[in-house]
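**Student:** Take a look at the following structure, please.
The values are calculated or read from the model by the stated rules, or taken from the named source; none is laboratory data. The shown structure was predicted, so the numbers you read here are calculated from the model rather than taken from an experiment. For neighbour counting, all protein chains shown are included, and Cβ atoms are generated from backbone atoms with ideal geometry for every residue, glycine included. Remember, those area values only see protein heavy atoms, side chains included, never the ligands or the DNA or RNA. Shrake-Rupley method; radii C 1.70, N 1.55, O 1.52, S 1.80 Å.
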Amino acid sequence: MVLMNAVCNKVLRPTDGSCCQSLPAPSLLQKLMACVFLGSALVFLVLHALGHNRPWKSRPTPPDVESGEEKKPATAASPLNHKAPFQALSKMGLIMVYFYLCDRANVFMKEQKFYTHSTFFIPLIYMFVLGIFYSENSKETKLLNREQTDEWKGWMQLVILIYHISGASVFIPVYMHVRVLVAAYLFQTGYGHFSFFWLKGDFGLYRVCQVLFRLNFLVVVLCLVMDRPYQFYYFVPLVTFWFVVIYATMAMWPQIRQKKANGSGMWHVGILGKLLGLLLFICFFAYSQGLFENIFSVWPISKLFELNGSIHEWWFRWKLDRFAIIHGMLFAFVYLVLQKCQGLSEEKGEPLFSTRISNILLLISVVSFMTYSIWASSCKNKTECNELHPYISGLQILAFILIRNIPGYSRSLYSSFFAWFGKISLELFICQYHIWLAADTKGILVLIPGNPLLNIIISTFIFVCVAHEISVITNDLAQVAIPKDGGALLRRLLVAGVFTLGLLLVSRSAEGIQGGGH
């Protein structure tokens, strides 16, 4: 079947396949990336043959890019040897070959998505049963503790995967609930990074580069290997943009952290002033589409935000969840102030508030959930729903947090099944584009023809293993690529800037040649 696909798909183009079309020859950038991976593999083999195993100086584990928290490994990180970066790049090269074969070559068939309620809800039920089965005791019982945020990201990511592969976007109630999940990811970004800057006050370049590298490494590689624009992987540009906004908001004068605010209550007013300024900034751009488009259409910024020659998709994605970040930052501020004032009870088995207040808040949260579901079911079209989404998604996120955290027994438990997937949620979201779904998410990859159930089992297993391996590779390369020494870091940033400018110029020249040819 693989051989027949490679030969016949270009000619037959069956109507039930989404991949059967002639593909362009590899671009110059794709060839350059192949040379980089091949060169890394050769260097690794030479170093391995020569016995170069002297370790690098061990560095701290990189932070969690979505929660903003430092990871606390169970065991001490083993030092990396000199051949480790080349080994990681060699592995990445092999993985990219698989990506290319799945979604850029005529090797594997792709099938169309056909939505039915059973294809979405039955896997959803199985998933939650598994998640509940693997429940364990949390190491701590604080609100939104580390295990809980990993669990939250994990089950949301699995729901989004099922949503994508089943084509459930055509069913508006499901579409609107998934929109809330995407907003919740951004909420966590605002919550996590605000908490980090507020508590630690670390505004150094090392921290910023570390987060940006881990967010963007996989996507940049895929843009080059799969010949896709950066905006195609919309979630990463969105999170990257909002991280920069959060950093700019917190790092600009005056830099306010919790230790300084404890000395004078006026600093609390100062941080609220910063959040108000950010809110006004967001509202200004939300109602100035022309200015927004003019700013993001300037080269080379446009290369980061254009899709098919237009920034309409970026405008849509930005506007849809424009308040989620500030909701997360404000929630983090209120929570940390209450925690410092001992206004919450976070001991094991105890509710967050008094019994009466806890019951009232739980009732309001449940009613909010039910009201939202009824409203989403009565929506006539996506455009109408999307107009209200930015204003009401924050209420659903807050309702979920209260339901999950007010009961003491609920905070004491978490699902290790969901938490495991939560730790690689970013890689899962990006990898699905080409090696689980295919045809740039329009179809479903077929590794085992004629047996849909076996096909989905095999392709899912490979997909999850690849996502996990890429997460490990990214962590390893982040330790090597981002040095803690300020001078070395600035030199590498200069090299990265020149390299990026070169890529942009090559890409622009290639577009000009294609345009002239047409």
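**Student:** Which pairs have Cβ atoms under 8 Å, sit 6 or more apart or on different chains, and link a residue in segment 482-505 that is within 13 Å of Cys209 (Cβ to Cβ) and in contact (Cβ under 8 Å) with a residue 60 or more places away in the chain to one that is assigned to a helix (DSSP H, G or I) and polar (S, T, N, Q)?
**Tutor:** Ile482/Gln210
**Student:** Okay, next question. Is it fair to say Thr61 is open to solvent by less than 50 Å² (accessible area, probe 1.4 Å), of a type in the set (Val, Ile, Thr) and modelled with pLDDT under 55?
**Tutor:** Taking the combined requirement at face value, the residue satisfies it.
**Student:** Taking only pairs six or more apart or across chains, which ones have beta-carbon atoms under 8 Å, a first residue in segment 310-335 that is touching a residue at least 12 places away in the same chain (Cβ under 8 Å) and part of a helix (DSSP H, G or I), and a second residue that is among the acidic types (Asp, Glu) and open to solvent by 50 Å² or more (accessible area, probe 1.4 Å)?
**Tutor:** Matching pairs, first to second residue: Trp314/Glu306; Trp315/Glu293.
**Student:** Here's a follow-up. Can you run down the residue pairs with Cβ atoms below 6 Å, 6 or more apart or on separate chains, where the first is in segment 138-155 and open to solvent by 20 Å² or more (accessible area, probe 1.4 Å) and the partner is aliphatic (A, V, I, L, M) and in a helix (DSSP H, G or I)?
**Tutor:** Pairs that qualify, where the first residue is open to solvent by 20 Å² or more (accessible area, probe 1.4 Å) and the partner is aliphatic (A, V, I, L, M) and in a helix (DSSP H, G or I), are Glu147/Ala419.
**Student:** Considering only segment 244-288, how many residues are farther than 22 Å from Phe316 by Cβ, part of a loop (DSSP other than H, G, I, E, B) and open to solvent by less than 60 Å² (accessible area, probe 1.4 Å)?
**Tutor:** Residues meeting the conditions: 4.
**Student:** So Lys348 fits all but one of (1) within 29 Å of Ile132 (Cβ to Cβ); (2) open to solvent by less than 60 Å² (accessible area, probe 1.4 Å); (3) in a loop (DSSP other than H, G, I, E, B); what number is the exception?
**Tutor:** (2)
**Student:** State all residues of segment 430-448 that are open to solvent by less than 10 Å² (accessible area, probe 1.4 Å) and in a helix (DSSP H, G or I); if no residue qualifies, say none.
**Tutor:** The answer is Ile430, Cys431, Gln432, His434, Ile435.
**Student:** To continue, here is another question. Could you give me the residue pairs with C-beta distances under 9 Å whose first residue belongs to segment 197-223 and is more than 16 Å from Val239 (Cβ to Cβ) and in a helix (DSSP H, G or I), whose second residue is hydrophobic (A, V, I, L, M, F, W, C) and open to solvent by 40 Å² or more (accessible area, probe 1.4 Å) wherever it lies, and which are 6+ apart or on separate chains?
**Tutor:** Close Cβ pairs (under 9 Å, with a partner that is hydrophobic (A, V, I, L, M, F, W, C) and open to solvent by 40 Å² or more (accessible area, probe 1.4 Å)) amount to Leu205/Leu490; Leu205/Leu493.
**Student:** Does Tyr391 satisfy being open to solvent by less than 20 Å² (accessible area, probe 1.4 Å), in a helix (DSSP H, G or I) and either under 26 Å from Tyr134 (Cβ atoms) or not charged (D, E, K, R) (or both)?
**Tutor:** Here the answer is no, as Tyr391 does not meet what is asked.
**Student:** Just give me the residues in segment 401-414 being among the aliphatic types (A, V, I, L, M) and surrounded by fewer than 17 Cβ atoms within 10 Å (Cβ to Cβ), in sequence order.
**Tutor:** Ile403, Leu413
Matching residues to (1) of a type in the set (D, E, K, R); (2) in contact (Cβ under 8 Å) with a residue 12 or more places away in the chain; (3) under 30 Å from Phe187 (Cα atoms):
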| residue | (1), (2), (3) |
| --- | --- |
| Gly422 | no, yes, yes |
| Ser425 | no, yes, yes |
| Gln432 | no, yes, yes |
| Pro449 | no, yes, no |
| Ile458 | no, no, no |
| Phe463 | no, yes, yes |
| Asp476 | yes, yes, yes |
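**Student:** Checking Phe108 against (1) touching a Cys at 6+ places or on another chain (Cβ under 8 Å); (2) at pLDDT 70 or above; (3) open to solvent by 40 Å² or more (accessible area, probe 1.4 Å), which single condition isn't satisfied?
**Tutor:** Failed condition: (3).
Results for (1) assigned to a helix (DSSP H, G or I); (2) buried (at least 17 other Cβ atoms within 10 Å of the Cβ); (3) out of contact with any Ser or Thr (no Cβ under 6 Å at 6 or more places or on another chain), shown as yes or no for each residue.
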| site | (1), (2), (3) |
| --- | --- |
| Ala399 | yes, yes, no |
| Trp420 | yes, no, yes |
| Leu428 | yes, yes, yes |
| Gly450 | no, no, yes |
| Phe461 | yes, no, yes |
| Val464 | yes, yes, yes |
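**Student:** In addition: Which one of Gly190, Gly131 is more than 30 Å from Trp318 (Cβ to Cβ) and assigned to a helix (DSSP H, G or I)?
**Tutor:** Gly131
**Student:** So, Ala478, is that one in contact with a Gly (Cβ under 8 Å, 6 or more places away or on another chain), assigned to a helix (DSSP H, G or I) and modelled with pLDDT of 90 or more or not?
**Tutor:** When the stated conditions are applied, Ala478 does not pass them.
**Student:** Within segment 352-371, which residues are open to solvent by 50 Å² or more (accessible area, probe 1.4 Å) and part of a loop (DSSP other than H, G, I, E, B)?
**Tutor:** Correct list: Phe353, Ser354.
**Student:** Separate question: In segment 289-310, how many are open to solvent by less than 50 Å² (accessible area, probe 1.4 Å) and over 27 Å from the mean Cα position of the chain (by Cα)?
**Tutor:** Residues in segment 289-310 being open to solvent by less than 50 Å² (accessible area, probe 1.4 Å) and over 27 Å from the mean Cα position of the chain (by Cα): 1 in total.
**Student:** Okay, moving on. Looking at Glu313 and the list (1) in contact with a strand residue (DSSP E or B) (Cβ under 6 Å, 6 or more places away or on another chain); (2) more than 10 Å from Gln231 (Cβ to Cβ), which single condition is not satisfied?
**Tutor:** Just one mismatch for Glu313, condition (2).
**Student:** Then there's this: On the given criteria, is Tyr126 open to solvent by less than 20 Å² (accessible area, probe 1.4 Å) and of a type outside the set (Lys, Arg)?
**Tutor:** no
**Student:** Then there's this: For the list (1) in a loop (DSSP other than H, G, I, E, B); (2) more than 30 Å from Asp227 (Cβ to Cβ); (3) in contact with a Lys or Arg (Cβ under 9 Å, 6 or more places away or on another chain), I need the number of the one condition that Gln339 fails.
**Tutor:** (1)
**Student:** Which of the residues belonging to segment 189-224 are in contact with a Gly (Cβ under 9 Å, 6 or more places away or on another chain) and open to solvent by 10 Å² or more (accessible area, probe 1.4 Å)?
**Tutor:** Those that are in contact with a Gly (Cβ under 9 Å, 6 or more places away or on another chain) and open to solvent by 10 Å² or more (accessible area, probe 1.4 Å): Tyr191, Ser195, Phe196, Gly204, Leu205, Tyr206.
**Student:** Can you tell me which of Met266, Met250, Met226 is modelled with pLDDT under 90 and not acidic (Asp, Glu)?
**Tutor:** Met266
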